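What follows is a single structure, written as structure tokens, with notes after it.
What follows is calculated from the coordinates using simple rules that are stated; it is not laboratory data. On a predicted model such as this, the values are computed, not experimentally measured, just so you know. Cβ coordinates were reconstructed from backbone atoms using ideal geometry, including for glycine residues, and neighbour counts include every protein chain displayed.
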Amino acid sequence: MIRNFLSCEKQSDKNSHGGVGTIDVQKVFRRKDFKGAWDFALRVVMPPNTSMGIHEHGQNEEMYIILSGEGLMTIEDKQHRVGKGDMILNSPGGSHGLFNDSEAEIELLIVQASLPT
């Protein structure tokens, strides 16, 4: 199966996970598209001064892949500068959030997989 994320329908997500502003989300693949443990694959565009609030996941792993831009990632109460090319693995039960404190958009892919129960 091939999908081009540039042609997928955009949805606006206001105050994502308690964050600030409105980000664009494109759901490229959803749970129903997979046979394995994958939950979703998303493309996200975050304008300047927007954020995905700090939040936790249960029994799943999530990876952020920064395609362009830079921002401030909070992982387990520690802040890290992230930018193009960075891949961030968010652990099960861990907390994380992303703030675009730059003057350019952040474009990223987010993929998530569930752990066996």
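Looking for whichever is free of Cβ contacts under 8 Å to residues at least 40 places away in the same chain, out of contact with any Leu (no Cβ under 8 Å at 6 or more places or on another chain) and of a type in the set (Gly, Ala, Ser) here; the options are GLY53, GLY94. Which one fits? It would help to see each step written out before you state the result.
Working: GLY53 fails: free of Cβ contacts under 8 Å to residues at least 40 places away in the same chain.
None of the other options fit; the residue is GLY94.
Considering only residues in the stretch 65-117 that are of a type in the set (Ser, Thr, Tyr) and farther than 18 Å from SER16 by Cβ, the one that is surrounded by the fewest Cβ atoms within 10 Å (Cβ to Cβ) turns out to be THR117. So, VAL111, is that one without any contact (Cβ under 8 Å) to a residue 24 or more places away in the chain and not acidic (Asp, Glu) or not? The answer is no for VAL111.
Rundown of residues vs (1) under 30 Å from ILE2 (Cβ atoms); (2) more than 11 Å from the chain's Cα centre (by Cα), yes/no style:
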{"position": "VAL20", "(1), (2)": "no, yes"}
{"position": "HIS57", "(1), (2)": "yes, yes"}
{"position": "GLY69", "(1), (2)": "yes, yes"}
{"position": "VAL82", "(1), (2)": "yes, yes"}
{"position": "SER95", "(1), (2)": "no, yes"}
{"position": "LEU98", "(1), (2)": "yes, no"}
{"position": "LEU109", "(1), (2)": "yes, no"}
